[in-house]
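A short write-up of the structure that comes next.
Every number in this text was worked out from the coordinates using simple rules, so none of it is lab data. Here the structure is a predicted model, which is why all the values come from computation and not from measurement. Cβ placement follows ideal geometry from the backbone for every residue including glycine, while neighbour counts extend to all protein chains displayed.
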Amino acid sequence: MPQRRHTTLLFALALAACDQSASQASSLSPSPAPAPAPSPAPAPPSAAPPGRLMPPRPVPTTSPTVRVTMPVEVQLKAIQYMSAMQAPQPGDAPADPAYAQDIAAKLRAIGKPDVVSSGRRIDLVMAKGCDATLPREAIARYTGSSLGAMLAHGVLVVRCADRELQCLQSTRDADDVLCTHK
């Protein structure tokens, strides 16, 4: 039980730090190193599409669940990654709250939906059944929409949560899902 409280406290602190660091990151710029002609560096392998800034993924996409038994560093990376999944990027469409409300209303059949951050995230709270595949399958089955259409309306993440698990599905990349045990 003390480990769970410690993890919850770390989660809250890291989430607050991510919010502060995101607002400060835009004002910070590294001092330029003198170079005769900059050449483009190869992009590091990641789950993010080109031009999208994401922290390192805590676990591979083939095994997308971070458990409370994993090292604290992995859990902190999960917090940072989940925050980045929800953060708007310069090329993202403006949030469309009415569209997000319409999608959320169609998800009432499987849980209690909620629109968060003016339509940037749709939450689906349920008694049980949340897993890495549920957000994408629920969108396809109950709404008649797609992740791409949701992204075009500014929805960045669909999150399901039950008593044991929460999973965030990115609308930018169908393979970008991250789950954490509560």
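Below are the figures for this structure:
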{"quantity": "Count of residues meeting criterion [within 14 Å of ASP102 (Cα to Cα) and either touching a helix residue (DSSP H, G or I) at 6+ places or on another chain (Cβ under 6 Å) or surrounded by 15 or more Cβ atoms within 10 Å (Cβ to Cβ) (or both)] in the range 139-166", "calculated": "10"}
{"quantity": "Any hit, the range 124-133, residues being surrounded by fewer than 17 Cβ atoms within 10 Å (Cβ to Cβ) and hydrophobic (A, V, I, L, M, F, W, C)", "calculated": "yes"}
{"quantity": "Residues satisfying the stated conditions in the range 160-182, i.e. hydroxyl-bearing (Ser, Thr, Tyr) and touching an Asp or Glu at 6+ places or on another chain (Cβ under 8 Å)", "calculated": "SER170"}
{"quantity": "Selected residue (criterion: farthest from the chain's Cα centre (by Cα)) from residues of the range 87-139 that are part of a loop (DSSP other than H, G, I, E, B) and basic (Lys, Arg)", "calculated": "LYS128"}
{"quantity": "The range 92-119 residues that are surrounded by 14 or more Cβ atoms within 10 Å (Cβ to Cβ), paired with ones that are of a type in the set (Ser, Thr, Tyr) (beta carbon under 6 Å, 6 or more apart)", "calculated": "ALA95/SER118; PRO97/SER118; ILE103/THR143; LYS106/TYR142; LYS106/THR143; LEU107/TYR142"}
